Amino acid sequence: MSGDMLRELARVQEQSGRLATRERPLTPLPLVPHEGVISPYTTNANPYITPIWRDCTPARLALGVSVLTTNNGSNYWTITLSTISPAGAIVAQGSVTTAALGPNLWLPLGLTTFATARWLASAISLAYLTIAKTGAPGALGLAPALYVL
């Protein structure tokens, strides 16, 4: 093959590779500690909050969770993502539980379906996490990340 043909082949491969792997990047929203509580959690709380400063589409709530000692179908944590409007109206966007996870392990949980498909900054001021116990689960370790488009 000539040098020109090799350069053209490399150019086409590079372009097709870019097209095949191009995705719209997710933007992480900064979930910051709230209410002065820190992980591991032992009581119900609203431990993380983030402002909604621009219109966005929620894509994924990624959670790393660990329940120390007791965690089962009767004793578990529910983690809920909610939003608050400027007037104070609260909408639960979705939730996950630790009920099916084994204790004493760091495991992933995720939420990809949300009650409100598009978050308008004029209608939503804040997003926050709530943690709530059912029964008597062990302490909850929680590492959250919220991604939007």
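The values are calculated or read from the model by the stated rules, or taken from the named source; none is laboratory data. Owing to the predicted nature of the structure, the values given are computational and were not obtained by experimental measurement. So basically every Cβ, Gly included, is an ideal-geometry build from the backbone, and we count neighbours across all protein chains shown.
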Just the residues that are in contact (Cβ under 8 Å) with a residue 60 or more places away in the chain and under 13 Å from L61 (Cα atoms), please, taken from region 94-129. A127, Y128, L129
How many of the residues making up region 63-83 are aliphatic (A, V, I, L, M) and closer than 15 Å to P47 by Cα? 4
What number of residues within region 20-32 are exposed (fewer than 15 other Cβ atoms within 10 Å of the Cβ) and assigned to a strand (DSSP E or B)? 3
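Yes or no, residue by residue, for (1) of a type in the set (S, T, Y); (2) modelled with pLDDT under 95:
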residue: R60; (1), (2): no, no
residue: T70; (1), (2): yes, yes
residue: W77; (1), (2): no, no
residue: T80; (1), (2): yes, no
residue: L120; (1), (2): no, no
residue: L126; (1), (2): no, no
residue: K133; (1), (2): no, no
residue: A145; (1), (2): no, no
